[in-house]
Each structure stands twice: as C-alpha cells, then as structure tokens.
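> Encoded as structure tokens, here's the structure I'll be asking about.
The values are calculated or read from the model by the stated rules, or taken from the named source; none is laboratory data. Since the structure is predicted, the reported quantities are computational estimates derived from the model, not experimental observations. Counting neighbours? That spans all protein chains shown, and the Cβs are built from the backbone with ideal geometry, glycine included. For accessibility, only protein heavy atoms count, side chains too; no ligands or nucleic acids. Shrake-Rupley method; radii C 1.70, N 1.55, O 1.52, S 1.80 Å.
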Amino acid sequence: MSDKGDVDLTGAKQNTGVWLVKVPKYLAQQWTKATGRGEVGKLRISKNQGKAEVSFTLNEELTILESSGEKATQVNVPREHPFTMQTVGGQTLAVFTETASGQSEADGSTSGPGTGPDKLALEGVVVQRAECRPAVSENYMKLKKLQIEESTKPVRLSQQLDKAVTTNYKPVANHAYNLEYERKKKEEGKRARLDKQQVLDMLFSAFEKHQYYNIKDLVDITKQPVIYLKEILRDIGIYNVKGTHKNTWELKPEYRHYQGEEKSE
C-alpha cells in the first residue's frame, strides 16, 4: 500500500526482469528527438568466450547535435556505445510506473473522468546493471571539445548598445516600497515618547473596555513608537501566540479589571 493507493504487482507475478542502464546526458537528449515510432537505435547482445557483450547503435538521423550559442555549431555524436556490465550487488531494485487516473498506459489516451487516484504499477525487478559508454572516436573527441567550450562560456556577456532599450522596464527614482518605508519612518519619528506612567494610564483605560488588542490598535490609542510601547507592554501584559486570540495582547492576571460582559473569570 502506498500514498497512491494499491500497487499493481502483475510484474512481480510474471517475474519480469529489467535492466538498469546509465547513459550519457547527450544520448538521452538525442533520444527525445526521435520521431515516428520513437525508434532511437538498436541493441546488440552477443557472446564472446561465454561472456555477454552488449552494445547500442544510435540511429543515424539522431547523431547531429547543435550547440546553443551565438555561433551555431554542429557535431556528430558517436553512434556506437558499448555496455559495461555490472552485478546488482545484493541489492533489491525495482522499476515502477505511475499512470495518471483515466489514462491508458499504452497510448496515454483518456478513458474516463480521471477522478480516481493515480495508478502505480511494478514493471519488474532489476536483474542487471550496466553503463552505456561512447566508443572513443573522432566524433567523440569533437563532442568533448564542444562540451568543454560550452562549459567555459561566461553566463553573462557585456554588449554595447547602439540605441536605448525601450522594451524593458524603465528605471525609477525610487521604488514604492522604499517610499512607504520612509513614510512610516517619518510617522514613527513624529511620535514623541510620553512618560511611562502616562502610557500606562492610557493602556489600563483601554483594557478596561476590551480584553484583547493587537499592537496596531494600541499604537493608534497611545500614539507611541512601537518599540517603546512593547517595552511597557512586556511589564504589564501577555502576548498570545496561539489560540482564538492569537497575535493579541492582554493584561497579566494581577492587572485585569474589565467592564461588563468581558470581565475575566
């Protein structure tokens, strides 16, 4: 049982064995370019003195690789790729496929509303590991040279412009969030600190009317800087970090005195 629901174990019942093969990155990229039936090449398995020899031959129409850059360069990737066989090494490896709900595994067509869970199926257990390596040839050396050139290219390039760029964002003297910050900073500076006892009187008067206040409301009532107000509140109040009255202040039990229905029990 998985988070996708029941797993289809038909592959396990059929004792299907699969190969786990590591391939070069460029080869996987070329495979995605296959058209028609999606044939990418041919796999040849033979025996030499009782030892299995495996090789893969890439289809000729998939051998052309184009570089990305200012100067388009084409190279032919190697066609022949011998396999280096490896043992599984006592590990238990398996291959699973996940099919979206309402889709056919064969052609991906939709056969239903697709409201159920995705289907997870076991395709087989790994019985052989292998590494697909290109045969060293002239094409391979050209490919490696191209890869080195691509890796050494700078990510950003400086370029002289003939005219001003008008399609991108224009620079502004100051951003909106900076202006808002400056406005709040000026308002904060205008609030002169009152004597602590005067602030306490205003706070006690406010808490006689209501039990809970957020810091914004208390700033509006006392007209005091936030930092100064919080210093005073820590002496007489409690900050609620959870529950129904999360992110609000209330008086400590020894200071509570409420009017009417909000009187603390």
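> What are the ³J(HN,Hα) couplings of region 137-150, residue after residue, when phi is run through the Karplus curve with 6.51, -1.76, 1.60 and θ = phi - 60°? Round to Hz, x for glycine and proline.
Along region 137-150, the couplings run 8, 4, 4, 5, 5, 5, 5, 4, 5, 5, 5, 5, 5, 5 Hz.
> How much length is gained on full extension from Lys185 to Thr73, taking 0.36 nm per residue of separation minus their Cα-Cα distance?
Numbers: separation 112, 0.36 × 112 = 40.32 nm, distance 5.69 nm.
34.6 nm is the gain from fully extending Lys185 to Thr73.
> Would you mind computing, in nm to one decimal, how far apart the modelled labels at Gln198 and Ile238 are, each placed 7 Å from Cα along Cα→Cβ?
Taking the two extended label points, one gets 3.1 nm.
> Further, regarding this structure: Give me, ordered by chain and number, the residues 5 or more places off Gly124 or on other chains with an amide H under 5 Å from its own placed amide H.
Val95
> On to the next question. If you take every residue apart from Lys196 with its C-beta less than 12 Å away from the C-beta of Lys196, what net charge results, scoring Lys and Arg +1 and Asp and Glu -1?
Working: positive: Arg193; negative: Asp195, Asp201, Glu231, Asp235.
So the surrounding residues net to -3.
> So, one more: How large is the accessible surface of Thr10 in square angstrom, using a 1.4 angstrom probe and rounding to the nearest 10?
60 Å²
> Using the Cα gyration tensor of region 175-228, with a ≥ b ≥ c the square roots of its eigenvalues, what is the shape: rounded (a/c below 1.5), prolate (a/b larger than b/c) or oblate (neither)?
Numbers: a/c = 4.24, a/b = 1.86, b/c = 2.28.
Here region 175-228 falls in the oblate category.
> Looking at the square roots a ≥ b ≥ c of the eigenvalues of the Cα gyration tensor of region 134-256, which shape do they give, rounded for a/c under 1.5, prolate if a/b is larger than b/c, or oblate? Each step should come with its number before you reach the end.
On the way: a/c = 5.42, a/b = 2.49, b/c = 2.18.
Because a/c hits 1.5 or more and a/b exceeds b/c, region 134-256 counts as prolate.
> Estimate the FRET efficiency between His210 and Ala176 by the formula 1/(1 + (r/R0)^6), using the beta-carbon distance for r and 45 Å for R0, to the nearest 0.05. Write out the running numbers ahead of the final one.
Details: r = 34 Å, r/R0 = 0.76.
Once the sixth-power term is evaluated, E becomes 0.85.
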